[in-house]
Amino acid sequence: MICSSTLSEYGLRAFGIGERLLPKGDITLCDQFVLIGSGMLWNIYFASLALVLGFVFATFLALGKVSQNPWVRKPATAFVFFFRGTPLFIQFFFAYELFVMLPRAGFEFALLGVDFTLETRWLTRAWAGATVVLWLNTSAYTAEIFYGALRSIPSGDIEAAKAYGMNGPQRFRRIVWPNMLRLSWASYTNEAIFLFHATTLIFFSAFPAWKQQGDALYYANYFAEQTYNPFIPYPIVAFWFILGTLSIIGLFGLVNRRLNRHLPQAPRLRYRPKLMR
């Protein structure tokens, strides 16, 4: 079949595996679906890595914001304010210019009498530099979500844990951490969806695609220019993002049910028609 051959040729084209040249001339619908779907792998990569790193960093930021120590609270608050107060699009350009200004040869330093060179050129590539920006951005928004959840934890739960003789780490692991996730998971699901959609901004940022290995919007723009018809490739991008959004909702829904497994579940609605009075 035509689509199967297209899938084998361009299925991993976004990672440089398969045909080197992009299709020209007689571009089929299969070409557009497969290549844009191949580019979606980069969007999934950006969103997944940024979410994992941001989740960990945001936890420390949220704990820093509720800390009584001003040397911890003020830097965490300033970080969150800066990344929430500036547009993500501007952050991409600012970060790219900053990474370009770094020495191309890297930084040289000595450790235990051994000379090392820290490479910095890879930060100007989209797979690294754009991921760093997304990671820091989602960390700020997620930290604010977690901070609100920490402030909403009933004080009686903390007092009860102290009465049981739990120390600080035990209270955090058994009381604070589960309650923070349970109270914030719905909002965090929205942040995951927003971050997944925000990966499309990488195409418009200064981070270039390397050897035509771009994201979904890169290939959609290519097909729109080749066919002079934007009403096919861009709806295909929307279709792939809808599938990705549904996957996020389903995955995070499973986690949400796991976090709230101790709560009574609402009964399922069942339709039972009365065939006889």
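Structural remarks
- For the chain, size of Cβ-based charge dipole, Lys and Arg +1, Asp and Glu -1, in debye: 1720
- Counted residue by residue at 0.36 nm each, then reduced by the alpha carbon distance between them, the extension gain from residue 28 to residue 197 reaches 58.2 nm.
- Relative contact order for the stretch 1-92: 19 percent, from Cα pairs under 8 Å spaced at least 6 residues apart, divided by residue count.
- Theoretical FRET efficiency, 1/(1+(r/R0)^6), r = Cβ-Cβ of residue 260 and residue 122, R0 45 Å, to 0.05: 0.60
- Of the DSSP H helices in the chain, those whose Cα atoms cover at least 15 Å axially and whose Kyte score averages -0.5 or more: 29-65, 70-85, 88-101, 131-152, 177-198, 216-227, 233-259
- Relative contact order (percent, whole number), the chain, Cα cutoff 8 Å, 6+ residue spacing: 26
- Cα gyration tensor category, rounded, prolate or oblate, for the chain with a/c compared to 1.5: oblate
- For the stretch 1-62, the calculated P(r), taken from all Cα-Cα distances in 10 Å bins from zero up to the bin holding the longest distance, is 21, 38, 18, 14, 8, 1 percent.
- One chain, two ends: residue 160 and residue 90. Fully extended at 0.36 nm per residue, the span grows by 20.6 nm beyond their Cα-Cα distance.
- Other residues with beta-carbon under 15 Å from the beta-carbon of residue 166 carry, at +1 per Lys or Arg and -1 per Asp or Glu, a net charge of +2.
- Ordering 28, 70, 139 by Cα displacement along the dipole of the chain toward the positive end leaves 70 in first place; charges were set at the Cβ atoms of Lys, Arg (+1) and Asp, Glu (-1).
- Each of 170, 236, 217 was scored by the projection of its Cα onto the charge dipole of the chain, and the greatest displacement toward the positive side belongs to 170; charges sit on the C-beta of Lys, Arg, Asp and Glu.
- Relative contact order (%) - criterion: Cα under 8 Å, at least six apart; region: the stretch 148-249: 23
- The calculated FRET efficiency for residue 68 paired with residue 238, based on their beta-carbon distance and R0 = 41 Å, is about 0.30.
- Full extension of the segment from residue 151 to residue 247, taken as 0.36 nm per residue of separation minus the current Cα-Cα distance, would add 31.5 nm.
No value in this document is a laboratory result; all are computed from the given coordinates. Values in this document were obtained by computation on a predicted structure and should not be read as measured data. Cβ coordinates were reconstructed from backbone atoms using ideal geometry, including for glycine residues, and neighbour counts include every protein chain displayed.
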